[in-house]
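K.L.:
Here it is: the structure, laid out below.
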Amino acid sequence: MGLVVQKYGGSSVADAEGIKRVAKRIVEAKKNGHQVVVVVSAMGDTTDELIDLAEQVSPMPAGREFDMLLTAGERISMALLAMAIKNLGHEAQSFTGSQAGVITDSVHNKARIIDVTPGRIRESLEQGNIAIVAGFQGVSQDKKDITTLGRGGSDTTAVALAAALDAEVCEIYTDVDGVFTADPRVVKKAKKIDWISFEDMLELAASGSKVLLHRCVEYARRYNIPIHVRSSFSGLQGTWVSSEPIEQGDKKVEQAIISGVAHDTSEAKITVVGVPDKPGEAAAIFRTISDAEINIDMIVQNVSAASTGLTDISFTLPKAEGRKAIDALEKNKHGIGFDSLRYDDQIGKISLVGAGMKTNPGVTADFFTALSDAGVNIELISTSEIRISVVTRADDVNEAVRAVHTAFGLDSDSDEAVVYGGTGR
Ligand code: ADP
Ligand code: ASP
Ligand code: MG
């Protein structure tokens, strides 16, 4: 029996009852002979509530203090979980990210893990304890400040610890039975996926399927850590995310042509209006954005009107960074030379993901047909080898996801998708 890392998301530890339920499950794994490291998120919507609170005090809080505030959420749940485990007669010790050796760069609110030195966790395990680690947080290598890894970052903590501790598996416990062909909150007929490759899962996660965070899947692929996504509320097998298909009975699960449909309403669109159509303009705009440490997603540049020699450039980015991006561009308005900026946060993105796209040329046409049959207007398009994404009005997103899911034959025969908890926030 080896070492397992189990991660419990906020909805699994939303209240005292949830914490006690999770504690029982952890003790079971320990009783089965495993060494157990647990990564825990903040209870329920605590992180959102802390963010709301910060906004009431300051519209643009300093990154350092913001991170200090947010990490309080995970501190509460880790201590309570350790107490609940002790109450069941087992030894547990809780650790902050810093104590667990999660070392990051110093980009507040979305720090990257650059090293994991879990000496204290190993020691605690050797003493027979269950080790509980606060997810989503670390300490910066240079300044020794407390950092956070970006929303949903506990998934990344779990995989990073699993890699550093050479765990057998990283189990991600959440409020649904695994990874589905679409968000079960939107598509009741979504199907649970038994196995999905790192590549397809990466695209789904990057396209907004928040059941796993993109960086966590990236990390798992790099260190080849199998992830088992499952519900903390049921005893069912979940979804395996790994490089090779799993065996089921005496046959191997096959790679699906289409893995699923993802959606994302957390992005906004900025249009830079009246940009001179000459070399260096796009470079100046995106240099400004990257200097502000903002990641962008899709980009389109319109053809310039011949009479004016001016063009418009639109791009999408996380809503949370909208204000920062607008401020940075306004500051550089004269250097770049544009007329005005338009900000639109009523957009949504729908993506179709699947390795089969490489070899099935009809997929793109079917995708656009499904959207047009549903009366959904497309504003931006982007593609990768195994993904097509479009931006639409936010109001159209749910309808569009369901239409595409049905068009690609992904609907299950029963309403099997159960959502056990969480508010979907
Ligand atoms: P946790 O609190 O456990 O981290 P999250 O809210 O971050 O949970 O992620 C679980 C949620 O992800 C589900 O409740 C579901 O609404 C959403 N989700 C989005 N896309 C998918 C998908 N393809 N499969 C399963 N869940 C999905
Ligand atoms: N508590 C953090 C969040 O809500 C991290 C996590 O849950 O993974 O984003
Ligand atoms: Mg999550």
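Throughout, read-outs are computed from the coordinates displayed, never taken from laboratory work. Values in this document were obtained by computation on a predicted structure and should not be read as measured data. Note: ideal-geometry Cβ built from the backbone for every residue, glycine included; neighbour counts use all protein chains shown.
K.L.:
Could you give me the ³J(HN,Hα) list for region 248-264, computed from phi with Karplus coefficients 6.51, -1.76, 1.60 and θ = phi - 60°, whole Hz, x at Gly and Pro?
P.N.:
Values per residue, Gly and Pro as x: 9, x, 10, 10, 7, 5, 8, 5, 6, 5, 10, 7, x, 10, 10, 9, 8 Hz.
K.L.:
Another question, then. Counting only complete DSSP H runs, which helices of the chain cover 27 Å or more along their long axis at the Cα atoms and score a mean Kyte-Doolittle of 0.0 or above? List each step's numbers first, then the result.
P.N.:
On the way: long enough: 63-87 (37 Å, 0.43).
Flagged H segments are 63-87.
K.L.:
Give me the base-10 log of I(q)/I(0) for region 229-349 at each q in 0.15, 0.18, 0.21 Å⁻¹, Debye formula, one uniform scatterer per Cα, rounded to two decimals.
P.N.:
Each listed q maps to, in turn, -0.74, -0.92, -1.15.
K.L.:
Sticking with this one: Find the relative contact order for the chain and round it to a whole percent, using C-alpha pairs within less than 8 Å whose residues are 6+ positions apart. It would help to have the intermediate numbers written out before the result.
P.N.:
Details: 938 pairs, mean separation 64.7, N = 425.
Here the relative contact order equals 15 percent.
K.L.:
Taking every pair of distinct Cα atoms and averaging 1/r, then inverting, what Kirkwood hydrodynamic radius in Å comes out for region 1-52? Walk me through the intermediate numbers first.
P.N.:
Numbers: mean 1/r = 0.0849 Å⁻¹.
Result for region 1-52 stands at 11.8 Å.
K.L.:
How big is region 1-130 by Rg and Dmax over its Cα atoms, in Å?
P.N.:
Rg and Dmax of region 1-130, Cα atoms, are 15.8, 50 Å.
K.L.:
In addition: Counting just the Cα atoms, what span does region 61-113 cover along each of its three principal axes? Round to the nearest Å and put the largest first.
P.N.:
In descending order, the Cα extents are 41, 21, 12 Å.
K.L.:
Further question on the same structure: How long are the three semi-axes of the equivalent ellipsoid of region 223-262, in whole Å, if each is the root of 5 times an eigenvalue of the C-alpha gyration tensor, listed from largest down? Could the numbers behind the result be given before it?
P.N.:
On the way: eigenvalues 64, 43, 35 Å².
Calculated on Cα positions only, the semi-axes equal 18, 15, 13 Å.
K.L.:
Can you give me the relative contact order of region 242-365 as a percent, contacts being Cα pairs under 8 Å and 6 or more apart?
P.N.:
On the way: 183 pairs, mean separation 51.4, N = 124.
Reported as a whole number, the value is 41 percent.
K.L.:
Rounded, prolate or oblate: which fits the chain when a ≥ b ≥ c are the square roots of the eigenvalues of the alpha-carbon gyration tensor, with rounded for a/c under 1.5 and prolate only if a/b beats b/c?
P.N.:
Taking the square roots of the gyration eigenvalues as a ≥ b ≥ c, the chain is oblate.
K.L.:
What is the ratio of the Cα radius of gyration of region 166-274 to 2.2 N^0.38 Å, where N is its residue count, to two decimals?
P.N.:
On the way: Rg = 15.1 Å, N = 109, 2.2 N^0.38 = 13.1 Å.
Against the compact-globule rule of thumb, the ratio is 1.16.
K.L.:
Expressed as a fraction of 2.2 N^0.38 Å, the rule-of-thumb size for a compact globular protein of N residues, what is the C-alpha radius of gyration of region 56-182?
P.N.:
Numbers: Rg = 15.3 Å, N = 127, 2.2 N^0.38 = 13.9 Å.
Cα-based Rg divided by the globular estimate yields 1.11.
K.L.:
Whole angstrom only: what separates the Cα centroid of region 252-325 from the Cα centroid of region 331-373?
P.N.:
9
K.L.:
What do you get for Rg/Rh of region 249-296 when both radii come from the Cα atoms and Rh is the Kirkwood radius? The partial results should precede the final answer.
P.N.:
On the way: Rg = 20.3 Å, Rh = 15.4 Å.
Reported Rg/Rh, Kirkwood definition of Rh: 1.32.
K.L.:
Next question, about the same structure. Dividing the Cα convex hull volume of region 110-248 by residue count, how many Å³ per residue is that? Before the final figure, lay out each step's value.
P.N.:
Values: hull volume 17.5 nm³, N = 139.
Considering the Cα atoms of region 110-248, their hull volume per residue is 126 Å³.
K.L.:
Further question on the same structure: For region 164-179 and region 146-161, what is the separation of their C-alpha centers, rounded to whole Å?
P.N.:
13
K.L.:
Could you work out which residue, out of N302, N87, N224, moves most in a Gaussian network model of the chain, that is, has the largest mean-square fluctuation with Cα springs under 10 Å?
P.N.:
Sorting by GNM fluctuation, first place goes to N302.
K.L.:
Charges on Cβ only, +1 for Lys and Arg, -1 for Asp and Glu, centred on the Cα centroid of region 353-423; of I388, A374, V404, which one is farthest towards the dipole's positive end?
P.N.:
I388
K.L.:
Here's another thing I want to ask about it. Per 0.36 nm of contour for each residue apart, how much would the distance between N32 and E65 grow if the chain were fully extended, relative to their Cα-Cα spacing?
P.N.:
Numbers: separation 33, 0.36 × 33 = 11.88 nm, distance 4.15 nm.
That pair, N32 and E65, stretches by 7.7 nm at full extension.
K.L.:
Taking H as built 1.01 Å from N, whose amide H comes closer than 5 Å to the amide H of F95, not counting residues under 5 places away?
P.N.:
Here I132, V133, A134 satisfy the definition.
K.L.:
Same structure again: Evaluate Rg over Rh across region 303-425, taking Cα atoms for both radii and Kirkwood's formula for Rh.
P.N.:
Reported Rg/Rh, Kirkwood definition of Rh: 1.06.
K.L.:
I've got another one for you. Which semi-axis lengths, in whole Å and largest first, follow from the square roots of five times the eigenvalues of the Cα gyration tensor of region 373-412? Walk me through the intermediate numbers first.
P.N.:
Working: eigenvalues 58, 48, 11 Å².
Rounded to whole Å, the semi-axes are 17, 16, 7.
K.L.:
Output needed: percent of Cα pairs per 10 Å distance bin for region 137-188, bins running from 0 to the one holding the longest distance.
P.N.:
For region 137-188, the pair-distance distribution reads 19, 35, 30, 13, 2.
K.L.:
Would you please put 90-100, 392-402, 26-36 in order of how densely packed they are, using the mean number of other Cβ atoms within 10 angstrom per residue and starting with the highest?
P.N.:
On the way: 90-100: 21.6, 392-402: 19.0, 26-36: 17.2.
Top of the packing list down: 90-100, 392-402, 26-36.
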